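Here is the structure we will look at, set down as structure tokens.
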Amino acid sequence: MNPANPTMNATFSEILRALEPARTVLVASHLRPDGDALGSTIAFALWLKSIGKEVAAWNEDGMLEKFRYLPEADLVAAPSGSGRKFDAFIALDTSVKNRLGTVLDAIEEPATFINIDHHISNARFGALNYIDSASPATGQIVFEFLKAAGAKITPAIAANLFAAISTDTGSFQYPNTTARTFQVAAELIEAGVNVGALSQAMYDTQPRRRLELLRHALNEVKFFFEGKVASFSLTQADVARLGVLPEDNEGIIDHLRSVDGVIAAVFFEELEGGKVRVSSRSKDPRVDVCKVCGLFGGGGHALAAGARMSGGIAEVAEKFLKALGDEVGRIA
Ligand code: AMP
Ligand code: MN
Ligand code: MN
């Protein structure tokens, strides 16, 4: 542990030593979870169980229907109870504490608080922090950790980590994908991942209502700043009309980003209670959407970041697009 320097990383052996005496462990990840959040959570929980810990795996949103294909998906539950006691708590893929939702409200302060993540904006809110912003996915860090722990990578752990890494790298395409990422993927395949079946579940299976959402998004898309920025919005009325779930909109933004000439794409989603969820993507490292989201209390990665802003959706869109236009304008 490095109490004198909270910005310094703990080592894997320090984390392992801290976990050793723990009998009960809670693993959790960020709300509105993606494949990295849930895959890393399940993989870590499975390993902890295999070494005899009593484990709970929580996510604010529970297990999403679209990630049901992950082996042992049933391990993940929504937070429950109050004053629950755990000897250790591990936050995965979570940049700031409040992205855990109500998870921490349901538990007593655990003796050991561990934070493992790859967000550059991570607030290092744990007692032991392992933050590697060069890693393309928390799942890749978890893999290295499990190897250091001498863990047996079972087929179920392998599939969860493969899904975590594959989804967070845009299927091994984003610039933070390294040779090591492919080496890890190869080891996971050797450990039993069925690439064809898993990839079909990840990328080639969607509910029809998601196609209706895509139809809506393509009708609504707007371009700004000489076509360098594209955006679309989804109101509560649209959600009700289309019958879509929050999990359906992940990835729709990629259609906007892929357009020739577009450098940054942004999606505005009206939430209940006067808030708007902003999701943004960049495809030019000189355009840092994490910085833009940071202006509005959000964060993430340079090329994929988000924020939650108060106000009406039109007003929020105007404010955010202005700031994004300034960022894009810097490189023009
Ligand atoms: P999303 O656009 O929701 O897929 O998120 C893109 C990235 O930004 C992810 O790495 C998120 O963890 C991060 N992110 C999204 N929303 C927020 C937020 N409100 N605060 C901090 N980070 C966020
Ligand atoms: Mn994530
Ligand atoms: Mn991630």
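Solvent-accessible area of the stretch 208-329 (1.4 angstrom probe, protein heavy atoms only): carbon and sulfur portion equals 54 percent. Here the stretch 12-203 has 49 percent of its accessible surface on carbon and sulfur atoms, given a 1.4 Å probe and all protein chains in place. A straight chain from Ser82 to Ser133 at 0.36 nm per residue would run longer than the Cα-Cα distance by 15.0 nm.
One decimal place: the segment Asp74-Thr205 gains 45.2 nm when fully extended, by the rule 0.36 nm per residue minus the C-alpha distance. By DSSP, what percent of the beta bridges with both residues in the chain are antiparallel, rounded to the nearest 5? Roughly 40 percent of the DSSP beta bridges within the chain come out antiparallel.
A 1.4 Å probe run over the stretch 208-329, with the rest of the protein chains in place, finds 47 Å² accessible per residue. Summed over qualifying helices (DSSP H, 4 residues or more, each -39500 (n - 2.57)) and divided by its residue number, the chain shows a 222 nm mean residue ellipticity of -10500 deg cm²/dmol. When only alpha carbons are used to place a centre, the stretch 62-82 and the stretch 18-45 end up 11 Å from one another. Taking all protein chains into account, the per residue accessible area for the stretch 12-203 stands at 39 Å² (1.4 Å probe). Computed from point charges on the beta carbon alone (+1 for Lys and Arg, -1 for Asp and Glu), the dipole magnitude for the stretch 131-253 about its Cα centre is near 160 Debye. Annotation: amide H-H contacts under 5 Å for Asp61 (H modelled 1.01 Å from N, sequence separation of 5 or more, or interchain): Arg32.
The values are calculated or read from the model by the stated rules, or taken from the named source; none is laboratory data. Computed from a predicted structure; not experimentally measured. Using ideal geometry, Cβ is built from the backbone for each residue, glycine included, and neighbour counts are taken over all protein chains shown. The protein model used for the area step is the full one, side chains on, heavy atoms only, and it has no ligands, DNA or RNA in it. Shrake-Rupley method; radii C 1.70, N 1.55, O 1.52, S 1.80 Å.
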